[in-house]
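Down below is the structure, laid out as structure tokens.
The values are calculated or read from the model by the stated rules, or taken from the named source; none is laboratory data. No experiment lies behind these values; they were computed from the predicted model shown. No Cβ is skipped: glycine too gets one built from the backbone with ideal geometry, and neighbour counts run over all protein chains shown. Only protein heavy atoms, including side chains, enter the accessible area calculation; ligands, DNA and RNA are left aside. Shrake-Rupley method; radii C 1.70, N 1.55, O 1.52, S 1.80 Å.
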Amino acid sequence: MIACIESGIPGFDELTHTDSFMGGIPENTTTLVYGPPKTGKSVFSNQFCYNGLENQEPCLYITTSQGLETLSMDMNDFNLPVQDYLMDGSLHVIDTMSEILEKKIEATDTVVTSEINNPTDLMMKIGSKINTIRNQTVRFRSVLNSTTTLLAYNESMLIVRVIKAYLMRVKEAGGTTMLTYTEDSADKIVETMLKSMVDNIIRLDGNELQIEAMKGLRKMKNSYYISKNGISLEQ
């Protein structure tokens, strides 16, 4: 039986449950959630993050597409309030966008800033945060939302190496990672490289969720919808 953690997506864990697969996201693996724009990729990863927090699993969230304030507002919009988790040390955020958006934030024990166009600094902050979290627990989650923005601000092959190093660091520390990517936003070669670096691949097209690859599971698909409570799969 392959050990899994809850996805946080209503209907997903039931869809993926088999005799040899517990249902959910395989523990200590990396998952790419990709698809066209505005299909729920960020919502999916936010629900994954929040479910972990509710189950006493800390999360390292790297936001490259929005600042902390907007991230918190977006999560609140889907009934995923995170302020208490920022305060109690469960949610750690690396914010690469607030300063670009001219909304400077004060660094705290759980929130640090980096620069979207400075991958070296970003990797240093990632390493530091992972060390902090792994000293708290043996199980944690991490979200990178999104790789699309990182690729837009930097040389593609450099970011491919950065993402590979990030995934390796989280996995070695015992974490389970989810990253998002907007389909066709980068060169096809880069897109293929991203897919080759992860264990699991989920595609969202606005109507259908397709599991293209998942450790220990066959390919499958199911309709989904987005409501005020986030993504749910059609039963």
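Some notes on this structure:
- Within region 12-40, the only residue that satisfies the criterion of being more than 16 Å from residue 202 (Cα to Cα) and open to solvent by less than 30 Å² (accessible area, probe 1.4 Å) is 21.
- Odd one out for residue 51, checked against (1) more than 20 Å from residue 150 (Cα to Cα); (2) in contact (Cβ under 8 Å) with a residue 60 or more places away in the chain: (2)
- Among the residues of this structure, residue 208 counts as one that is modelled with pLDDT of 95 or more, surrounded by fewer than 16 Cβ atoms within 10 Å (Cβ to Cβ) and under 23 Å from residue 74 (Cα atoms).
- One residue stands out in region 211-235 among those that are open to solvent by 30 Å² or more (accessible area, probe 1.4 Å) and of a type in the set (Ser, Thr, Tyr): the one that is farthest from residue 45 (Cα to Cα), namely 223.
- Considering the conditions (1) surrounded by 19 or more Cβ atoms within 10 Å (Cβ to Cβ); (2) in contact with an Asp or Glu (Cβ under 8 Å, 6 or more places away or on another chain); (3) basic (Lys, Arg), residue 129 is excluded by exactly one of them, (2).
- Residue match in region 28-50 (condition: part of a strand (DSSP E or B) and in contact with a Gly (Cβ under 7 Å, 6 or more places away or on another chain)): no
- Single residue of region 156-183 satisfying the filter (of a type in the set (D, E, K, R) and free of Cβ contacts under 8 Å to residues at least 12 places away in the same chain) that is most open to solvent (accessible area, probe 1.4 Å): 161
- Counting only residues that are part of a helix (DSSP H, G or I) and either open to solvent by less than 10 Å² (accessible area, probe 1.4 Å) or at pLDDT 95 or above (or both), region 58-71 holds 1 of them.
- The single condition from (1) modelled with pLDDT under 95; (2) under 19 Å from the mean Cα position of the chain (by Cα) that residue 218 fails is (2).
- One residue from 9, 105, 116 being open to solvent by 20 Å² or more (accessible area, probe 1.4 Å), within 27 Å of residue 134 (Cβ to Cβ), out of contact with any Pro (no Cβ under 7 Å at 6 or more places or on another chain) and in a loop (DSSP other than H, G, I, E, B): 105
- All positions within region 136-155 that are open to solvent by 20 Å² or more (accessible area, probe 1.4 Å) and not in a helix (DSSP H, G or I): 136, 137, 138, 139, 154, 155
- Failed item, numbered, when residue 46 is tested on (1) of a type outside the set (Ser, Thr, Tyr); (2) surrounded by 20 or more Cβ atoms within 10 Å (Cβ to Cβ); (3) at pLDDT below 95: (3)
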